[in-house]
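Enquirer: Shown below is the structure under consideration.
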Amino acid sequence: FERGLLSGRHVLINAGPTREAIDPVRYISNHSSGKMGFALAEAAAEAGARVTLVAGPVNLPTPARVQRIDVTSAQDMLDACLAALPADIFIASAAVADYRPASAADQKMKKDTANEDGLTLTLVRNPDILATLAEHSQRPDCCVGFAAETHDVLNYAADKLQRKKLDLIVANDVSQSGIGFNSDDNAVTLIDRQLERCSLPQASKQKLARQIIARIAGQLNH
Ligand code: C5P
């Protein structure tokens, strides 16, 4: 892992979950810890890059020499990522909520006595942050996505790479316990535009982050 690998480069990374408000006290979210994205930010800074880390609500310290921007919703995360452009590399590690409530109530919702059986929430699609940046006029030269799947991981990942016009996708099988979501270890397969695969066996997210950053730098300097 060479320290000057990314000197002079701006690396934009998003990480963690997003929170989609139902009312002032409730939200829809997911269990993403943000650990992989924070490890990537740390590794990119160690490689000499200027790093902007757009973070959803997570409980992690900011890595040294990383500029962190905290956001809550997917829309806020998109706005912060767009505001951080131009960047040479965009790594979309965030677990962006696919849907949000169609409207957030401005007061705390009360139990509906007229309807004891249930409550129906209408959800609408959130913007796809990665696809938006990958199609942007200031598109980063290297756009990297993550694909966390429980089955048929590599096929879905390759499909996502092509559909979202990415340069690299990091596929991980979240059905295996001890790796992926919320754990300290991960095991991933990188797939590039030529659909060439490279498996990185189970290791700490810090170690994998360095391997992924080295691979991205190699692709960029090619
Ligand atoms: O389509 P899927 O959610 O599985 O794709 C995962 C990749 O797309 C991740 O890199 C994730 O950060 C990104 N994504 C996004 N905006 C969304 C949904 C996913 O940037 N609304």
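The values are calculated or read from the model by the stated rules, or taken from the named source; none is laboratory data. Every value quoted in this text rests on a predicted model; they were computed, and no experiment measured them. All Cβ positions, even for glycine, are placed from backbone atoms using ideal geometry, and neighbour counts span all protein chains on display. Heavy atoms of the whole protein, side chains included, go into the accessibility calculation; ligands, DNA and RNA do not. Shrake-Rupley method; radii C 1.70, N 1.55, O 1.52, S 1.80 Å.
Enquirer: Tally the DSSP beta bridges in the stretch 79-222 and give the antiparallel ones as a percent, rounded to 5.
Expert: Working: 13 of 23 bridges.
The antiparallel fraction comes to roughly 55 percent.
Enquirer: For the chain, what is the accessible area per residue in Å² when the probe is 1.4 Å?
Expert: Values: 11460 Å² over 222 residues.
Solvent-accessible surface per residue comes out at 52 Å².
Enquirer: Now for a separate question. HN-Hα J couplings of the stretch 51-60 from phi, Karplus 6.51/-1.76/1.60, θ = phi - 60°, integer Hz, Gly and Pro as x?
Expert: Working through the residues one at a time gives 10, 10, 10, 9, 10, x, x, 9, 10, 9 Hz.
Enquirer: Something else: Efficiency by 1/(1 + (r/R0)^6): what FRET value for Gln194 and Asp152, r their Cβ-Cβ distance, R0 = 22 Å, to the nearest 0.05?
Expert: On the way: r = 21 Å, r/R0 = 0.94.
Efficiency, from the Cβ-Cβ distance: 0.60.
Enquirer: Sticking with this structure for a sec: So for each of 124-137, 79-92, 33-46 I average, over its residues, the number of other beta carbons within 10 Å; can you give me the resulting order with the highest mean first?
Expert: Values: 124-137: 16.0, 79-92: 20.4, 33-46: 26.1.
So the order, starting with the most tightly packed, is 33-46, 79-92, 124-137.
Enquirer: Debye sum, Cα scatterers, the stretch 1-153, no solvent: what log₁₀ I/I(0) at q = 0.21 1/Å?
Expert: -1.30
Enquirer: Turning to a different aspect of this structure: Within the set of other residues whose C-beta is less than 11 Å from the C-beta of Ile69, count the net charge using Lys and Arg as +1 and Asp and Glu as -1. All intermediate terms of the calculation are to be shown ahead of the outcome.
Expert: Values: positive: Arg68; negative: Asp70, Asp76, Asp79.
Result for the neighbourhood of Ile69: -2.
Enquirer: Further, regarding this structure: State to the nearest 20 debye the size of the charge dipole of the chain about its Cα centre, where the only charges are +1 on K and R beta carbons and -1 on D and E beta carbons.
Expert: Values: 24 positive and 26 negative charges, 101 e Å.
Once rounded to the nearest 20, the dipole reads 480 debye.
Enquirer: Right, another one. Which lysines does Lys35 reach when only Cα atoms under 30 Å apart count, and residues fewer than 8 places away in its own chain are ignored?
Expert: Lys160, Lys164, Lys165, Lys205, Lys207
Enquirer: Sticking with this one: If I stretch the segment between Val124 and Tyr99 completely, what's the gain in nm (0.36 nm per residue apart, minus their alpha carbon distance), one decimal? Numbers along the way, then the final one.
Expert: Working: separation 25, 0.36 × 25 = 9.00 nm, distance 0.53 nm.
Gain on stretching Val124 to Tyr99: 8.5 nm.
Enquirer: Using a Cα-Cα cut-off of under 16 Å, which aspartates and glutamates could be cross-linked to Lys111, ignoring same-chain neighbours fewer than 8 residues away?
Expert: Hits, sequence-local ones excluded: Asp23.
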